[in-house]
Each structure stands twice: as C-alpha cells, then as structure tokens.
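*Asks:* Below you'll find the structure I mean.
The values are calculated or read from the model by the stated rules, or taken from the named source; none is laboratory data. Nothing here was measured: the structure is a model prediction, and the numbers come from that model. Here the Cβ is made from the backbone with ideal geometry for all residues, glycine too, and neighbour counts use every protein chain on show.
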Amino acid sequence: MAGLVRKSLDSPEEVRPFEQNAGKVELVNLAAGAVGRGTFEPGWRWSTHVKPLAGTESCQASHMGYVIAGRMKVVMDDGESAEFGPGDFMICPPGHDAWVMGDEACVVIDWQGFADYAKQ
C-alpha cells in the first residue's frame with residue numbers, strides 16, 4: 001500500500017513568477033507528476049508574460065485543468081477558441097495563446113501542463 005499523501009498549494013514546493021509580475025504558478029510534486037495552481041492577473045497574456053520564458057511561438061504545454069476564479073480565453077494556433085470560467089474543466093492541447101478576460105485574476109488548477117511551465 002502506498003499510504004496517504006498530503007500536500008498543499010498554500011505551501012508550494014516551487015513558485016514560478018511570470019514576467020512583469022503578471023501572476024505565478026505554485027507547484028507541488030507527486031509521484032505521478034506536478035500539480036499546479038496558476039494565478040493569472042488581469043492583463044496577463046501567454047504571448048507577453050510566458051513566451052519569453054518558453055522561447056516558443058505558442059504555448060506547447062498540454063493542459064488539463066479546472067478554473068476556480070476569473071475568465072480566460074484560449075485561442076489555438078488553428079484559430080479554434082473557447083472561453084473558460086469558474087467551474088469549467090478544460091483540456092487544452094499544445095499550440096495556443098491565452099489571456100485573462102476582465103479585471104479579475106483567473107485561477108486554474110492544472111494536473112498536466114505545469115511541470116515545465118514558465119520555468120526559468
């Protein structure tokens with residue numbers, strides 16, 4: 001038996017800030033991979049605040065997450081787009097840009113895409 005595991009995103013093992021203090025990713029590491037809480041401040045946009053860290057034309061991370069607060073628009077490289085808000089579960093394949101909609105921070109728990117996200 002593996003036993004119980006307790007970790008808290010309120011005491012993350014790693015914090016990765018975005019460019020221009022536009023938010024951060026807080027991570028805990030599990031045997032199955034990292035789980036993260038992304039806080040994306042109003043005005044955040046992947047192509048502005050993470051692209052310089054990633055060094056790619058669009059986000060190449062695959063995300064599987066749950067939106068806790070705020071709203072985010074995701075636009076795929078092929079033009080497909082969707083908006084996500086509180087209570088939405090999202091699956092987002094690689095090859096996209098994204099930005100916060102409105103004046104509230106968007107908070108997302110991601111089980112798949114934050115392991116190398118915004119890594120310096």
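*Asks:* Mind listing just one residue for me: the one in the range 1-34 that is of a type in the set (S, T, N, Q) and closer than 18 Å to Y117 by Cβ and, of those, surrounded by the most Cβ atoms within 10 Å (Cβ to Cβ)?
*Replies:* Selected residue: N29.
*Asks:* Could you tell me which residue of the range 31-47 is farthest from the chain's Cα centre (by Cα), considering only residues that are farther than 23 Å from G102 by Cα and modelled with pLDDT of 90 or more?
*Replies:* Filtering the range 31-47 for residues that are farther than 23 Å from G102 by Cα and modelled with pLDDT of 90 or more, the one farthest from the chain's Cα centre (by Cα) comes out as A34.
*Asks:* Looking at the structure I just gave you, is G70 closer than 26 Å to L4 by Cα and at pLDDT 95 or above?
*Replies:* no
*Asks:* Please go through the range 48-76 and give me each residue that is assigned to a loop (DSSP other than H, G, I, E, B), surrounded by 14 or more Cβ atoms within 10 Å (Cβ to Cβ) and either of a type in the set (S, T, N, Q) or over 12 Å from the mean Cα position of the chain (by Cα) (or both), ordered by number.
*Replies:* S58, Q60, S62, G70
*Asks:* Right, another one. Step by step: first the residues of the range 77-102, then only those that are acidic (D, E) and assigned to a strand (DSSP E or B), then the one that is surrounded by the fewest Cβ atoms within 10 Å (Cβ to Cβ). Which residue is that?
*Replies:* Only one residue tops the list, namely E83.
Here's the yes/no breakdown for (1) charged (D, E, K, R); (2) under 30 Å from G3 (Cβ atoms); (3) without any contact (Cβ under 8 Å) to a residue 24 or more places away in the chain:
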{"site": "G55", "(1), (2), (3)": "no, no, yes"}
{"site": "S58", "(1), (2), (3)": "no, no, no"}
{"site": "C92", "(1), (2), (3)": "no, no, no"}
{"site": "H96", "(1), (2), (3)": "no, no, no"}
{"site": "W99", "(1), (2), (3)": "no, no, no"}
{"site": "E104", "(1), (2), (3)": "yes, no, no"}
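*Asks:* Further question: Check G79, G38 and return the single one that is of a type in the set (G, A, S) and on the phi > 0 side of the Ramachandran plot.
*Replies:* Checking each option against the conditions leaves just G79.
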